[in-house]
Amino acid sequence: METVDFDELTRGQVNARRNYLMGLWAGNQLGLQSSELTRYVQEVMLSDFEEPGPQDVIRKVRSDLAQSGISLEEAELMNRFSTIERDVRAEVLSTD
């Protein structure tokens, strides 16, 4: 009997939801609302396809925040990112 790797099965879901929430958080930090916020969240989600791993998302968010005069230490941004990912992973794994 073949074993199921739940991490692999849920990776796409986790990444998409994580990027959505990261974009939503960053967009709110930028003061975006309505259609601007929706568009920005989509941009963040699409940025994940630039290279393997999450660094492209982090780089985009950090750059966008910096361009708007919002300075965050990389550790702060990584902490936010990790918290979102952990919460999403728990959410996805706890659903039927």
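Read the figures in this text as sums done on the coordinates, not as results from a lab. Only a predicted model underlies this, so the values are computations on that prediction, with no experimental measurement involved. Cβ placement follows ideal geometry from the backbone for every residue including glycine, while neighbour counts extend to all protein chains displayed.
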Review point. Relative to the longest principal Cα axis of the chain, at what angle does helix 6-29 sit, 0 to 90 degrees, rounded to 10?
Key: 20
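Using the count of nearby Cβ atoms within 10 Å as a rough guide to exposure, how do Ile70, Ile58 rank from fewest to most?
Ascending number of Cβ neighbours within 10 Å: Ile70, Ile58.
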Review point. Can you put Met22, Met45 in order, fewest other beta carbons within 10 Å first?
Key: Met45, Met22
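Counting alpha carbon pairs within less than 8 Å and at least 6 residues apart, what relative contact order, in whole percent, applies to the range 6-94? Walk me through the numbers before you get to the answer.
Values: 70 pairs, mean separation 30.5, N = 89.
For the range 6-94, the relative contact order is 34 percent.
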Study note, to complete from the structure: Fewest to most Cβ atoms within 10 Å: Asp56, Asp87 sort as Asp87, Asp56
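In debye to the nearest 20, how big a dipole does the chain give about its Cα centre with +1 on each Lys and Arg Cβ and -1 on each Asp and Glu Cβ?
340
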Check your understanding: Summing Lys, Arg as +1 and Asp, Glu as -1, what charge do residues with Cβ under 12 Å from the Cβ of Asp87 carry, Asp87 excluded?
Key -> +3
